[in-house]
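Report on the structure given below.
The values are calculated or read from the model by the stated rules, or taken from the named source; none is laboratory data. Being a predicted model, the structure only gives us computed values, none of them experimental. Cβ: placed from backbone, ideal geometry, glycine included. Neighbour counts: every protein chain shown. Heavy atoms of the whole protein, side chains included, go into the accessibility calculation; ligands, DNA and RNA do not. Shrake-Rupley method; radii C 1.70, N 1.55, O 1.52, S 1.80 Å.
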Amino acid sequence: MDDISTGILFAILAGLIVISGYFSGSETGMMSLNRYRLKHLSKTGHKGAKRVERLLNRPDRLIGLILIGNNLVNILASAIATVIGLRLYGDIGVAIATGVLTLVILVFAEVTPKTLAALYPERVSFMSSILLTILMKVLSPLVVLVNFITNGFIRLLGIRVNHDDEDHLSSEELRTVVNEAGSLIPRRHQDMLISILDLEHVTVNDIMIPRNEITGININDDWKSIVRQLTHSPHGRVVLYRDQIDEVVGMLRLRESYRLMLEKNEFTKETLLRSADEVYFIPEGTPLNVQMLKFQRNKERIGLIVDEYGDINGLVTLEDILEEIVGEFTTSMAPTLSDEITPQGDGSFLIEGSANIRDINKGLKWTLPTDGPRTLNGLMLEYLEEIPESHLSVHVAGHQMEIVELEENRIKMVKVFPKSKK
């Protein structure tokens, strides 16, 4: 380098620092990219995204290429800085050049480009991928050799190298992605997506209509009573049973019964039973995501939930599952409380004992425990460990609850106060 002027050496040194910054920024930009957005852009035909995706298919080779280039440039820059230091200040110039070059590389070739790349990873990566793709082809033999050595060393440490692994999101990670989407996804849509993810944690028992509330018709009743129940039923389908709900004989579509009434043929119990559909049974504890697929596969919309002894626990419909996703179907788009919850002037709520705890939590944004009893009555009985004989006031899960009305062996109405703010 004795024949090269000091000014030219400074120019070369400046160019090497710029190249070092390019490699440093490229590395940070490539590693900071959102891989799922990258895949989306690649599928839409974005050329830069496609180049980057090809480079990232083998991240070990990409990192090897960048580090080879970065280290070669930094070593050459160090050698030139040493020559400049010797020319300007003699032996002490070596120490000065080392200190100054360290600071310059740190600021202009490391921190600054890496910070910019972290802030704008797509811009940096898409532009830098053009040159990196060319360098990958030119330096491919050297990159392969370096990776062969490093991968062999990694295997000696007992670490398995697999380039075929793909990034996958767990349901909890996907939940975080949805919550962090912000204004990119409307709040209502976020709630629906989260509800879909929650289906695997909710069972049919959590949303079922309990057996004591199932609308059914005892086929052994008087025929006039049966006809009266058919004409006044608010539901599209009713359960037919003999004497007790566990002796179910079919599921009747009321539209079919109306058709039979209008026909000239005699409308009797026998024709009614023949027109009933076979009952679809659902094992208790079935997750909602599984049951929704079973409804679809079996072309069913309603089923009776049975326990391990074959006794009927309740009834669930496809609409009940859909309401878990989109909310209750109402004529108003404004959020409404359940009919079982009545706000009071003092800030408390009158809640029926049969109200589902999950529905209470959803409607009032509370956090009553859901890992035990499913109704408010069951929650209070579990807390009291006995059936109360008179009105009581207790604290459950931070809420003051007053028993307002008792009926036989259950709590019918409860006055509940929100948690007191500390």
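Taking every protein chain into account, the accessible area of the chain amounts to 61 square angstrom per residue (probe 1.4 Å).
By accessible area, using a 1.4 Å probe on protein heavy atoms only, the chain has 57% of its surface on carbon and sulfur. For the pair region 173-213 and region 23-92, the centres of their Cα atoms are 42 angstrom apart. Backbone phi angles across region 202-207, fed through the Karplus curve with coefficients 6.51, -1.76 and 1.60 (θ = phi - 60°), yield HN-Hα couplings of 10, 10, 4, 5, 6, 10 Hz in residue order; Gly and Pro are listed as x.
A simple rule links phi to the HN-Hα coupling: the Karplus curve 6.51 cos²θ - 1.76 cosθ + 1.60 with θ = phi - 60°, which for region 151-159 gives 5, x, 5, 5, 5, 4, 7, x, 9 Hz, with x for Gly and Pro. Computed from Cα positions, the angle between helix 187-198 and the longest principal axis of the chain comes to roughly 80 degrees.
A cut-off under 9 angstrom between Cβ atoms defines the neighbours of residue 198, and their net charge, with Lys, Arg +1 and Asp, Glu -1, is -1.
In debye, nearest 20: dipole of the chain around its Cα centre with unit charges on the Cβ of K, R (+) and D, E (-)? For this selection, approximately 2560 debye. Each other residue within a Cβ distance under 12 Å of residue 146 adds +1 if Lys or Arg and -1 if Asp or Glu, for a net charge of 0. Between 289, 74, 356, the GNM of the chain built on Cα springs shorter than 10 angstrom shows 74 fluctuating the most.
Its relative contact order, with pairs defined as Cα atoms under 8 Å and 6+ residues apart, puts region 6-73 at 46 percent.
Working ranking of peptides 145-155, 371-381 by packing, defined as the average number of other Cβ atoms within 10 Å per residue, highest first, is 371-381, 145-155. Here the contact order of the chain, divided by its residue count and restricted to Cα pairs under 8 Å and six or more residues apart, works out to 10 percent. Relative to the longest principal axis of the chain, what angle (0 to 90°, nearest 10) does the C-alpha long axis of helix 47-56 take? With rounding to tens, the tilt is 80 degrees. Derived scalar couplings between HN and Hα for region 73-83 equal 5, 5, 5, 5, 4, 5, 5, 5, 4, 5, 4 Hz in order, rounded to whole Hz, by the Karplus curve 6.51 cos²θ - 1.76 cosθ + 1.60 (θ = phi - 60°), x for Gly and Pro. Structural descriptor for region 288-420: relative contact order 17 percent, calculated from alpha carbon pairs under 8 angstrom and at least 6 residues apart. In the chain, the longest principal axis of the Cα atoms and the axis of helix 6-32 are about 10 degrees apart.
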